[in-house]
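This report refers to the structure that appears directly beneath it.
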Amino acid sequence: MKPIMVGIDGSPAAIAAGLWGADEAISRGVPVRLLAVMKLTHPSTDEYARDLSHAEKALREARSAIEAARKTVTVETDILRGPAGPLLVEASSDAEMICVGSVGIGRYARSILGSTATELAEKAHCPVAVLRTDAEQAPPDINWIVVRMTDEPDSDVVVQYAVAEAKLRRAPMLVLGGAPEGLGDHADGEFERRVQDWRRRHPEVRVYPITTRDAIAGFLAANDERVQLAVIGGAEADQLARLVGPHGHPLFRHPECSVLVVR
């Protein structure tokens, strides 16, 4: 009964992560645990009080958002003290999944993605969901979940997570697959057979195969399909910064795309 853990820092991205995590917890029948992070040391009691107040307020707001959405789930909260990245990586060993907003955890994130989100994607002991939303856009009619089918040993596990998310989110699924080297860009039949097998096992999921050698990040860079979630394996975590890129950047075409890194 490992919980779904969510890093909370008071940002809108963290609220989105909390709501996402609540859905994941409900689907598994486990609690959702909201985690805020404070610095380990403070130069004064006033600074400590401000840091603690911020953490408590962030947790209250996340819990209230889950309750306002009428999500029937047990909500636990905790405040960790120390560097956010290592603390959440350690906590992930006792989690079914850990969810964070793409802007990072804590008030001191230094990159467009967030140093904590990056560290979790690379080092966590469980699947990691890095969530982003584009609040200015209305929900699209089609909002894909995309996964790449490969010959790697963990490919079926990654695809299974994508199928589970497609069911949970009631979304259609794009499955990317490549033809072997030397056969050009045309399918060799094996990819289609594997896709048909997944369709037979999960007829309630709308699955659409696309033959391409591109990794997911490259495919999305070249196409305009509205994607809500890209599901990748741990070995593909280096694609994360390309998938969850800078909001509003002219070269970034999928501002609502979140990423699930499967381990």
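Apply 1/(1 + (r/R0)^6) to the Cβ-Cβ distance of His202 and Ile79, taking R0 = 51 Å, and write down the FRET efficiency to the nearest 0.05. Kindly include the intermediate steps, with their values, before the conclusion.
Working: r = 40 Å, r/R0 = 0.78.
Given R0 = 51 Å and the Cβ-Cβ separation, E is 0.80.
Ordering Ile98, Leu34, Ser53 by Cα displacement along the dipole of segment 4-131 toward the positive end leaves Ser53 in first place; charges were set at the Cβ atoms of Lys, Arg (+1) and Asp, Glu (-1). With the simple spin-label model, which puts each label point 7 Å out from Cα in the Cβ direction, the Thr211 to Ala69 separation comes to 4.0 nm. Does segment 40-96 classify as rounded, prolate or oblate by the C-alpha gyration tensor (a ≥ b ≥ c root eigenvalues; a/c under 1.5 gives rounded; else a/b over b/c gives prolate, otherwise oblate)? Oblate, since a/c reaches 1.5 and b/c is not below a/b. Mind checking which lysines have their Cα closer than 21 Å to the Cα of Lys57? Skip sequence neighbours fewer than 8 apart in that chain. The qualifying lysines are Lys39, Lys71. Modelled label positions at His125 and Thr41, each set 7 Å beyond Cα in the direction of Cβ, lie 2.8 nm from each other. Extension gain for Arg169 to Glu152 (0.36 nm times residue separation, less C-alpha to C-alpha distance): 3.5 nm. What shape does segment 4-131 have by the C-alpha gyration tensor, where a ≥ b ≥ c are the square roots of the eigenvalues, rounded means a/c under 1.5, and otherwise prolate means a/b greater than b/c and oblate the rest? Oblate, since a/c reaches 1.5 and b/c is not below a/b. Listed by chain and number, the aspartates and glutamates whose alpha-carbon sits under 16 Å from that of Lys167, ignoring those within fewer than 8 places in the same chain, are Asp23, Glu24, Glu204.
We did not get these values from a lab; they are worked out from the coordinates using the rules stated. Being a predicted model, the structure only gives us computed values, none of them experimental. When we count neighbours, we look across all protein chains shown, and the Cβ atoms used for this are built from the backbone with ideal geometry, even at glycine.
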